[in-house]
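K.L.:
I have a structure here, written as structure tokens, and I will follow up with some questions on it.
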Amino acid sequence: MAKVRGLRSYYGVAIHRDFVPLYVDESYAHLFGYDNAEQVLALPSLLSLISTEDHQEAIAANQAIMCGSARPKAKVYENRNRQGKRFSVMIIDQLTDWQGEPAIQVTIIDVSEQVAAEKRLEESEQRYRSLLETSIQGILVHRDFEPLYANQALVDLIGYDSPEDILNMPSLLSLIPEANQQQAMQSHEQLIERQAATNNFVVEYVRRDGTSVWLQITAAPVRWGDKPAVQAVMMDVSQQHQHQRRLEFQANHDALTGLINRRSMNATLIEAYASSKRSLRPLCCLLLDIDNFKLINDRYGHPAGDEALRVFAIESLKVLRDGDYLARWGGEEFLLLLPNSTQQQAMQVAERVRKHLADYRIVHGEHRFSTTVSIGLAMLSEYDSSAEALVARADGALYIAKERGKNRVELAPQVYQL
């Protein structure tokens, strides 16, 4: 695989649990000399990709991150690929979620050229300045936010025309959103006074043309003109950020309907329950079940059943309000959470959903059919000792709706007002 040069220096991503690979992208595999990601996923352990002398450190770092005693940070290692070629990589390990369980996401960046350049940098200040000019990373040097140096890569990264545009600014604080300026000044003071060796940030930066880029910024103290200053090295990590967002979405949403999944709804439910108990504001929970769903699968096939689930999600969201939460609870069952809603308001919402779905015709290939939904409604009462108790009462009401002929809304027995 040809190496991408410039600001788009390629990176790879892998996810593992105790070094057993769970996900690997193609770039990660190619970086280690493999033809495709499947070859790496077939490895019993990703430790085989790490130099033996680094195994203990890698294991210790993995344990620290998994137990929450260490925060994500970048490290540079020298390694060999499958063909024995030496290369240097920067590795960022962070805790993530994979299929409902904690795992480690590894972002690996080929920094071989930068490492080699940094070794040459030590030979003289002239070589140092030459590196700054030719670096693929954006580099900025300042003292008390007065710009001292900016390379072309930085200019390209943040959307200016030339380094002079940066150097002519009276203060670099104008580049920082006002909400973040205090934090930036505190970081600068820590570095100048050597209270910190480096400070690392990942921030969203809006360029002059209105487009945005996610930047990883590593700031460190340096000497510039025999006086202390701060050097900030910036790298575009927009793709990594977007990839992380996709992983988070997949972990919290149902793949078929796009609704939040049961795991995510449980967290929302517990939070809403606690908030309503504290504030004495009403909270209603509804369980919805598509009627005769097995008959749809048996008569039209499982793809038609999947389409019925998707239609249910899409059409229900059309008639719900801002602030209502709808989740796929399991199978053909869904949970609807209505914060700050009285029983009467919740009944109106439930009837609106029920009628809308009953009137809607589902089209799947040559088949056209409609579905109905049964709904059980429970309003939080002083007798509900937990969020689970509230859901259980809604489930009881759903059972009554099914028993009384389906396509109806039933209230949970013993509904108490707050």
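K.L.:
Explain nothing, just compute: Karplus ³J(HN,Hα) = 6.51 cos²θ - 1.76 cosθ + 1.60, θ = phi - 60°, for every residue of region 208-215 in order, whole Hz, x for Gly and Pro.
P.N.:
5, 7, x, 6, 10, 9, 8, 10
K.L.:
Further question: Can you grab the distance from the C-alpha centre of region 319-337 to the C-alpha centre of region 354-375, Å, no decimals?
P.N.:
If you average the Cα positions of each part, the centres end up 17 Å apart.
K.L.:
How high is the relative contact order of region 142-194? Use alpha-carbon pairs under 8 Å, at least six apart in sequence, and give a whole percent.
P.N.:
33
K.L.:
In nm, to one decimal, how far is the modelled label at VAL319 from the one at ASP165, with both set 7 Å along Cα→Cβ?
P.N.:
5.3
K.L.:
Further, regarding this structure: Residue separation times 0.36 nm, minus the C-alpha to C-alpha distance between ASP35 and PHE249: what's the value?
P.N.:
74.2 nm
K.L.:
I've got another one for you. Counting other C-beta atoms within 10 Å, and keeping those with at most 12, which DSSP coil GluC sites (Glu not before Pro) do you find in region 316-390?
P.N.:
Working: sites: GLU332, GLU333, GLU351, GLU366, GLU382, GLU388; in loops: GLU332, GLU366, GLU382.
Qualifying residues, ordered by number: GLU366, GLU382.
K.L.:
Quick check: the distance between the Cα centres of region 205-223 and region 37-60, to the nearest angstrom?
P.N.:
32
K.L.:
Considering lysine pairs in the chain that are 8 or more places apart or on different chains, how many have Cα atoms under 16 Å apart?
P.N.:
For the chain, qualifying lysine pairs total 5.
K.L.:
Counting Lys +1, Arg +1, Asp -1, Glu -1, what net charge surrounds ARG17 among other residues with beta carbon under 12 Å of its beta carbon?
P.N.:
So the environment of ARG17 carries a net charge of -3.
K.L.:
Per 5 Å bin from zero, what fraction in whole % of the C-alpha pairs of region 237-295 is there, up to the bin with the longest pair?
P.N.:
The calculated distribution, bin by bin, is 4, 14, 14, 17, 16, 14, 11, 7, 3, 0.
K.L.:
Another one. Only Lys, Arg, Asp and Glu count, each charged at its Cβ (+1, +1, -1, -1), so figure out the dipole size of region 217-320 about its Cα centre, rounded to 20 debye.
P.N.:
Approximately 460 debye in magnitude.
K.L.:
Given the -39500 (n - 2.57) contribution per DSSP H run of 4+ residues, what per-residue ellipticity at 222 nm results for the chain, rounded to the nearest 500 deg cm²/dmol?
P.N.:
-12000 deg cm²/dmol
K.L.:
To continue, here is another question. For the chain, what proportion of DSSP beta bridges, expressed in % and rounded to the nearest 5, is antiparallel? Before the final figure, lay out the partial values.
P.N.:
Numbers: 78 of 82 bridges.
Antiparallel: roughly 95 percent of the beta bridges in the chain.
K.L.:
Could you tell me which residue out of MET66, GLN105, PHE87 lies farthest along the dipole of region 3-109 toward its positive end? Charges go on the beta carbon: Lys and Arg +1, Asp and Glu -1, centred on the Cα centre.
P.N.:
The listed residue farthest towards the positive side: PHE87.
K.L.:
Defining a contact as two alpha carbons under 8 Å apart and six or more residues distant in sequence, what relative contact order in percent does region 12-107 show?
P.N.:
Reported as a whole number, the value is 27 percent.
K.L.:
What's the carbon and sulfur percent of region 143-270's accessible surface, probe 1.4 angstrom, rounded to a whole number?
P.N.:
Here carbon and sulfur together make up 48 percent of the probe-accessible area.
K.L.:
Would you work out what percent of the accessible area of region 369-415, with all protein chains in place, is carbon or sulfur (probe 1.4 Å)?
P.N.:
Values: 930 of 2050 Å².
Accessible surface attributable to carbon and sulfur in region 369-415 totals 45 percent.
K.L.:
Leaving out ligands and nucleic acids, note down the accessible area per residue over the chain with a 1.4 angstrom probe, in whole Å².
P.N.:
Counting only protein heavy atoms, the per-residue value for the chain is 53 Å².
K.L.:
Same structure, new question: Using alpha-carbon pairs under 8 Å, 6+ residues apart, how would you state the relative contact order of the chain in percent?
P.N.:
Rounded, it is 9 percent for the chain.
K.L.:
Let me ask something else. What is the magnitude of the charge dipole of the chain about its Cα centre, with +1 placed on the Cβ of each Lys and Arg, -1 on the Cβ of each Asp and Glu, and no other charges, expressed in debye to the nearest 20?
P.N.:
The dipole magnitude comes to about 740 debye.
K.L.:
Looking at region 199-263, which trypsin sites (Lys or Arg not before Pro) are in a loop (DSSP not H, G, I, E or B) and have at most 12 other Cβ atoms within 10 Å?
P.N.:
ARG207, ARG208
K.L.:
Which GluC sites (Glu not before Pro) in region 139-225 pass both tests, a DSSP loop state and at most 13 other beta-carbon atoms within 10 Å?
P.N.:
GLU193
K.L.:
Through the Karplus equation 6.51 cos²θ - 1.76 cosθ + 1.60, θ set to phi - 60°, convert the phi angles of region 87-99 into ³J(HN,Hα) values in whole Hz; use x for Gly and Pro.
P.N.:
Values per residue, Gly and Pro as x: 7, 10, 9, 9, 10, 10, 9, 8, 6, 9, 10, 10, 6 Hz.
K.L.:
Another question, if that's okay. What label, among (i) 12; (ii) 37; (iii) 43, belongs to percent of Cα pairs over 42 Å apart computed from the structure on display?
P.N.:
(ii)
K.L.:
May I pose another question? Please report the carbon-and-sulfur percent of the accessible area for region 20-69; probe 1.4 Å, protein heavy atoms only, DNA, RNA and ligands left out.
P.N.:
55
The values are calculated or read from the model by the stated rules, or taken from the named source; none is laboratory data. If you're wondering where the values come from, they're calculated on a predicted model, not measured in any experiment. FYI the Cβ positions are ideal-geometry reconstructions off the backbone, even for glycines, and counts take in every protein chain you see. These accessible areas exclude ligands, DNA and RNA; they are computed on the full protein's heavy atoms, side chains included. Shrake-Rupley method; radii C 1.70, N 1.55, O 1.52, S 1.80 Å.
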